[in-house]
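Read the structure below first, then the notes.
Please treat every number below as a calculation from the coordinates, not as lab data. Quick caveat, the model's predicted, so the values are computed rather than measured. Note: ideal-geometry Cβ built from the backbone for every residue, glycine included; neighbour counts use all protein chains shown.
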Amino acid sequence: MKLGFIGLGQMGAAMASNLVKGGHDVTVFNRTPGKSGALIELGAHEAANLAGVCDGDAVITMLADDDAASAIALGEGGLTAQLRKGAIHLSMSTISVALSKRLARAHAQAGQRYVAAPVFGRPDMAAAAKLFIVCAGDPATIDACQPLFRAMGQSTFPIGTEPSAANLVKLSGNFLLASAIEALGEAVALVSKAGIDPRAYVEFLTSTVFNVPAYKTYGALIAQGKFEPAGFAAPLGFKDIRLVLAAAESLRVPMPLGSLLHDRFLRLLAQGGERLDWSAVGGLAAQDAGHDPRGIVPPSKRGVEVDQIRS
């Protein structure tokens, strides 16, 4: 398929790379120059401007937030003005429900097709083409996008015909992940202050009752205090919590945990955590406990090993 790809951050660059490897004719564009070198070597083309990515069958956007996505799609000379009739805008960004609805209306008015397909997975999963993709939109258009989904992900889950439904599912999923991070941080702070090795504790949890990828990934990061480099930066996590709360407010759904997470992320950013992974929220509980802010027990105080916990 001939397509354009906009947004070459950690996730976008990996996804575009897999599309090229999958045999698609990919032209890339990034508002900040200098990120396309590896893709060009792989066989992608580079557009000098936005119009240069809009002459194919589809354009994929993988952008950081609503402001970027709105400017690219709805701004002067944006996608709605540049795409030909019948072309597809495949929005894979994590954006608000409200913006997704605006994009659907704008593309329909321009005679274009629009599918929302946000992804679950960190950069390593993107590089390995192992993303989980949640999509919504016209079924025929989703079918046309299946070769693209197969190049980037391990599973695709159609969720409905209204594109914004996929965005709501994505935001709700990130809310659940952030909730798990907070809960893990509090539990790790508790056992660590009692002298239990947090890494042994997380190993026990994730090999028994919480044997799931999210607990393994974030539990290990919290136990090790390893919040750099960021796979998913804290400001993006804060953005997603704000978006899920906005959606909840519009639907009149109270989310007490969401409000708590909003304040936890705000505290992390107020303390200079902009460059940290969003799992750093899980390190705040150790600070609250007056313990090592990394959530790590010094070697001299480690007294409980995995076998002791299991017994």
One finds, for residue 214 and residue 105 with R0 = 30 angstrom and r their Cβ-Cβ distance, a FRET efficiency to the nearest 0.05 of 0.30
Positive-end extreme of charge dipole, the chain - chosen from 9, 285, 262 (charges on Cβ):
262
Taking +1 at the Cβ of each Lys and Arg and -1 at the Cβ of each Asp and Glu, which of 74, 20, 96 sits farthest along the dipole of the range 6-99 towards its positive end, judged by Cα position relative to the Cα centre?
20
With an 8 Å Cα cut-off and a minimum separation of 6 or more residues, compute the relative contact order for the range 2-162 in percent.
20 percent
Ranking request for peptides 35-48, 156-169: highest mean number of other beta-carbon atoms within 10 Å first, then the rest in descending order.
156-169, 35-48
With R₀ set to 35 angstrom, the calculated FRET efficiency between the beta-carbons of residue 32 and residue 194, to the nearest 0.05, is 0.15
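Show that you can apply the helix-only estimate: for the chain, add -39,500 (n - 2.57) for every DSSP H stretch of four or more residues, divide by all residues, and state [θ] at 222 nm to the nearest 500. List each step's numbers first, then the result.
Details: 14 runs with 156 residues, N = 311.
Taking each H run of at least 4 residues, the total per residue is -15000 deg cm²/dmol.
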With a cut-off of 8 Å between alpha carbons and a minimum separation of six or more residues, what is the relative contact order of the chain in percent?
15 percent
In this structure, among 130/170; 170/239; 35/101; 101/170; 21/130; 2/85, pairs with alpha-carbon gaps over 19 Å are 35/101
For residue 193, counting only lysines whose alpha-carbon sits under 20 Å away and dropping same-chain residues fewer than eight positions off, the answer is 226, 301
Can you work out the base-10 log of I(q)/I(0) for the chain at q = 0.07, 0.12, 0.16 1/Å, using the Debye formula on its C-alpha atoms alone?
-0.30, -0.82, -1.24
What is the range 191-261's relative contact order, in percent, from Cα pairs under 8 angstrom and six or more apart in sequence?
19 percent
List every DSSP H helix in the chain whose Cα atoms extend 27 Å or more along the helix's own long axis and whose mean Kyte-Doolittle hydropathy is at least 0.5.
164-193
Restricted to the chain, the DSSP antiparallel beta bridge percent, nearest 5, is 15 percent
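Net charge within 14 Å of residue 83 by Cβ-Cβ distance, Lys/Arg positive one each and Asp/Glu negative one each, not counting residue 83 itself?
Working: positive: 2, 84, 85, 113; negative: 55, 57.
Surrounding charge for residue 83 is +2.
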What distance in nm separates the two pseudo spin-label positions at residue 40 and residue 55, each 7 Å out from Cα along the beta-carbon direction?
1.8 nm
